[in-house]
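Have a look at the structure below, then the notes.
Computed from the coordinates by the stated procedures, all read-outs in this text should not be read as laboratory data. What you see is a predicted model, and the numbers here were worked out from it, not measured in a lab. A quick note on method: Cβ atoms are made from the backbone with ideal geometry, for glycine too, and the neighbour counts reach across all protein chains shown.
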């Protein structure tokens, strides 16, 4: 890995450090972790619960800072990421890594004090998996990078559950499995319309290695698996009628969009003149990418809503 | 090891960063104190008389 950042012309602003933490990713992590914590149905001091969620969000931010530090070389080569604080020179790579390490230690340490060692251990594993296993190894070496690496993004509900109860039962892992299977169609839809970016940076994303047609087929396959898996909480004593309705209706829309994408030519190259690629039909990919975020949000929001209004699960 | 950049803008930025680090450390200490009190409180009921 090469040092890509030059000394900036102006000092970093506090917003640059916030950007290192990937606040949008943090918000999704907080939401799914909160769902896991609430679904555990274990009485917990509200302040300790808030501190647990804070630790999970800071841990996610630490992962983001480490990722941006380690990935600054390839981020500088991609249009989508070249304006990030490290490749643009606003923050030194060593500062990003130091921030990531300090926040990791803080989040895991406070989590252990505030809740239990199971939750703290899972949080430490998640940070390590994302920053080291995914960022330094999988992302640069295999087209299955986001399939396996997706585990890091899928673990927050399990951490939340463990923070509340000290255990990780099957239903916690079911929430993890839903996010795990959701990740490939979500990111592959994105990678279909930024494929040239990944190719320029040498990141072996599926569309770069196997082509757009194969990626569209894989997206459809994972979408079928996701929609089926998302219905499972209704039968496992986790979800109630609201959840079932949301999972069924959302699943139908998800499959329609995935089917439309599979039949489209999204991501196909029409001209390969020295990297000047023209991408056809990216709208189908953008639609699925956008809807996938809303779909996951609605699934978890339904579970949260059922807990707060006291609606019992369909199966006890 | 390169010299840190000089100038009023950089000095101001360093001062701001020092303050932010001090503030973060203060928050950390308070957080650990609160967690300790809450955890101890949770075990008070365990003591039998």
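Structure data summary
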{"item": "Shielding score for A:48-60, defined as the mean number of other chain Cβ atoms within 10 Å", "result": "1"}
{"item": "The range A:169-316 shape via C-alpha gyration tensor axes, a/c threshold 1.5", "result": "prolate"}
{"item": "Nearest-0.05 FRET efficiency for residue A:305 and residue A:283, computed from C-beta distance (R0 25 Å)", "result": "0.20"}
{"item": "Neighbouring partner chain Cβ atoms per residue of A:140-153, average, 10 Å criterion", "result": "0"}
{"item": "Cβ crowding within 10 Å averaged over residues, with A:141-149, A:120-128 ranked highest first", "result": "A:120-128, A:141-149"}
{"item": "Order of A:29, A:110 under a 10 Å beta carbon neighbour criterion, fewest first", "result": "A:110, A:29"}
{"item": "Translational D in µm²/s for chain A (Stokes-Einstein at 4 °C, 1.567 mPa s, Kirkwood Rh from C-alpha pairs)", "result": "64 µm²/s"}
{"item": "Net length gained if the chain between residue A:41 and residue A:14 were fully extended (0.36 nm per residue, minus Cα distance)", "result": "5.9 nm"}
{"item": "Peptide ranges A:167-174, B:34-41, A:284-291 listed from the most packed, as the mean C-beta count within 10 angstrom indicates", "result": "A:284-291, A:167-174, B:34-41"}
